[in-house]
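*Asks:* Take a look at this one; I'll ask things after.
What follows draws every value from the coordinates through simple rules; no lab data is involved. Please read these numbers as outputs of a predicted model, since none were measured by experiment. Quick reminder, even Gly has a Cβ in these numbers, built from the backbone with ideal geometry, and neighbours come from all protein chains shown.
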Amino acid sequence: MTVRVERSEDHRAVHALNERAFGRPNEADLVDCLRRSNAFVPGLSLVAEDLEGRVVGHLMLSYVVLAGGPALRVLSLAPMAVEPEVQGRGVGSRLVLAAIDAAETREEPLIVLLGHPWFYPRFGFEPASRSGIEPPHPVPDQAFMVRRLGRWSPDVRGKVIYPDCFAGVD
């Protein structure tokens, strides 16, 4: 398996993958919307390819705003999708590790996400409340997480505001 930056010719495959993985179009539409928005970060939409060159995984990091002090843009991991027939085989883990490495290379302070508390802590994600980061709406504390990166400082705090693209994704 290879993890690489998404290319424009991957867009259809990524859309279809997200629909299959989530069983609905919401996350696929989110990816398409984020690509057209100012939250999109070229180089931080990643795909995993199997040995035949088929896209079997996708992960996107895009910008959200931290409000409550000077507005600051930080990365959000959403969505991540893996082909249902290859879930549990390390595809998602490889994507998350590659995303963390890419964010570190860009010298970003942190990554936020709303996700499964049984999956993401193995990559250093912890409840966002410990870092002074608040979700945009009430969610379980253990599900709203951050991964502090090398450029993190205690001044990076506030309430996350997602781009409009996230409306309708729950």
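*Asks:* Given charges of +1 on the Cβ of Lys and Arg and -1 on the Cβ of Asp and Glu, with all other atoms neutral, how large is the dipole of the chain about its Cα centre, in debye to the nearest 20? All intermediate terms of the calculation are to be shown ahead of the outcome.
*Replies:* Details: 19 positive and 22 negative charges, 71 e Å.
The calculation lands at about 340 debye.
*Asks:* Moving on. On a 0 to 90 degree scale, rounded to 10, what angle separates helix 11-22 from the longest Cα axis of the chain?
*Replies:* That helix lies at roughly 70 degrees to the long axis.
*Asks:* For the chain, what is one quarter of the convex hull surface built on the Cα atoms, given in nm²? Intermediate values should be presented prior to the final figure.
*Replies:* Values: hull surface 36.8 nm².
Its average projected convex-hull area is 9.2 nm².
*Asks:* Label the stretch 73-155 by shape, choosing from rounded, prolate and oblate, from the square roots a ≥ b ≥ c of the eigenvalues of the Cα gyration tensor; if a/c is under 1.5 it is rounded, and otherwise prolate applies when a/b is larger than b/c, oblate when it is not.
*Replies:* Oblate.
*Asks:* Nearest 10 degrees, 0 to 90: what angle lies between the long axis of helix 91-105 and the longest principal axis of the chain (Cα atoms)?
*Replies:* Helix 91-105 sits roughly 50 degrees off the main axis of the chain.
*Asks:* Sticking with this structure for a sec: Placing unit charges on C-beta atoms (Lys and Arg positive, Asp and Glu negative, everything else neutral), compute the dipole magnitude of the stretch 1-48 about its Cα centre in debye, rounded to 20. Present the calculation step by step, with values, prior to reporting the outcome.
*Replies:* On the way: 7 positive and 7 negative charges, 11 e Å.
Dipole size: approximately 60 debye.
*Asks:* Follow-up. Taking every pair of distinct Cα atoms and averaging 1/r, then inverting, what Kirkwood hydrodynamic radius in Å comes out for the stretch 1-76? Working shown, then result.
*Replies:* Numbers: mean 1/r = 0.0755 Å⁻¹.
With all distinct Cα pairs of the stretch 1-76 included, I get 13.2 Å.
*Asks:* Quick one: compute the contact order of the chain, relative version, from alpha carbon pairs under 8 angstrom and 6+ residues apart, as a percent.
*Replies:* It comes to 22 percent, rounded to a whole number.
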